[in-house]
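Enquirer: The structure is given below, and queries will be raised subsequently.
Each value in this text was obtained by applying a stated rule to the coordinates, not by laboratory testing. It should be emphasised that the depicted structure is a prediction, and the values quoted were computed from it without experimental measurement. Here the Cβ is made from the backbone with ideal geometry for all residues, glycine too, and neighbour counts use every protein chain on show.
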Amino acid sequence: MSVDFCIVDTFSSSPLAGGASAVLFVDDDVFVNGELMQNIAMELNTPETTFIKKNGASDFNIVCYTPIRKEMLFGNGLFAASHILSVEQNNSDPINFLFEDRIFETKTDDGVTSVRLSSTNFSKIPMSDSISSAFSGEIIVSVAESGCYLIVEIRSPGKLAKLDPNIDILSHIDHEVVIVTSDNHYEKDTRSDYYARVFAPKLGVFEDNITPLAHARLASYWSERFESNKLTGCQNSKKECYIDIEILPDEKHMYISGKNTIVTKGTLFL
């Protein structure tokens, strides 16, 4: 058996930037074989490996695996797969991806891929000893949670860029994904409204370069403060990435948008 795959740098218009995401278009035999898909994800070793099975002209089933387990908490595969289908296969129609009981609507125009996501709620929580210890020496402004995402706001982007959290402590807290964020008040960067870094050691990912589903949480977190329905976030990991967000008038949904670049095409011989 052989399976073709692509690696796409999401939220980047040039190769070797953005966030690497592996995408495979597979048949029923692979799509129902969880052990095989997990082994493929371990082999390709991107933060999230995405498997796509055609379900209609513009409808696809999707399942995602981190290097260690089945999960979709990053979201890059949605952008990568939509880009491949729209650009490489010359499909200009909107594309729907079904993940469990959730439908993600995507579209690509002029090389920019947009995914429609639901807005999320967050709640402020007390700072625990483990969070304080994980970010020892940093001034923490507030702590919040949104489902299995933990949001930690610190004082400045300069501190955020140099942040070196205790990953061992983070791997033992209750939340799956830890988002550390700050606004641009001190840096005066006109390109972005806020900054973020994302850590997910419990999912086998020390740090992700760009995490659209985390920014969906941050859109809710920051939009009230900036009083705007349009935001630009900067994920300032080693590969600095920018992500555009538009909260729709119903305030229940948003579009997250960015450019993507295919950097690798290959075949797995299984």
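Enquirer: So what J values fall out for the range 158-172 if you push phi through Karplus, 6.51 cos²θ - 1.76 cosθ + 1.60 with θ = phi - 60°, rounded to Hz, Gly and Pro as x?
Expert: Couplings: x, 5, 5, 4, 9, 4, 10, x, 7, 5, 5, 5, 4, 6, 10 Hz.
Enquirer: Suppose the chain between Asp110 and Lys124 were pulled fully straight at 0.36 nm per residue; how much longer would it get relative to their current alpha carbon spacing?
Expert: Result for the pair: 1.1 nm of gain on full extension.
Enquirer: Quick one: which of 18-27, 132-141, 207-216 comes out on top by average Cβ neighbours within 10 Å, and what's the full order, highest first?
Expert: Descending packing order for the listed peptides: 207-216, 18-27, 132-141.
Enquirer: Mind telling me which of Pro249, Pro94, Pro165 comes out most flexible in a GNM of the chain, alpha-carbon contacts under 10 Å?
Expert: Pro249
Enquirer: Can you give the FRET efficiency for Leu268 and Glu35, using 1/(1 + (r/R0)^6), R0 = 22 Å, r = Cβ-Cβ distance, to the nearest 0.05?
Expert: 0.90
Enquirer: Still on this model: With 10 angstrom as the radius, rank Thr10, Thr46, Thr190 by how many other C-beta atoms surround their C-beta, starting from the fewest.
Expert: So the residues, fewest neighbours to most, are Thr190, Thr46, Thr10.
Enquirer: So, one more: What's the center-to-center distance, using Cα atoms, between the range 147-168 and the range 104-122 in Å?
Expert: Centre-to-centre distance over Cα atoms comes out at 25 Å.
Enquirer: When mean projected area of the Cα convex hull in nm² is calculated directly from the model, which label among [x] 15.5; [y] 13.9; [z] 12.7 fits?
Expert: It is the one labelled [y].
Enquirer: Express in nm, to one decimal, how much length is gained between Arg155 and Lys238 on full extension, taking 0.36 nm for each residue of separation and deducting their alpha carbon distance.
Expert: 27.9 nm
Enquirer: Based on the Cβ-Cβ distance of Asp250 and Ser58, what FRET efficiency does E = 1/(1 + (r/R0)^6) give at R0 = 30 Å, to the nearest 0.05?
Expert: Computed FRET efficiency for Asp250 and Ser58: 0.80.
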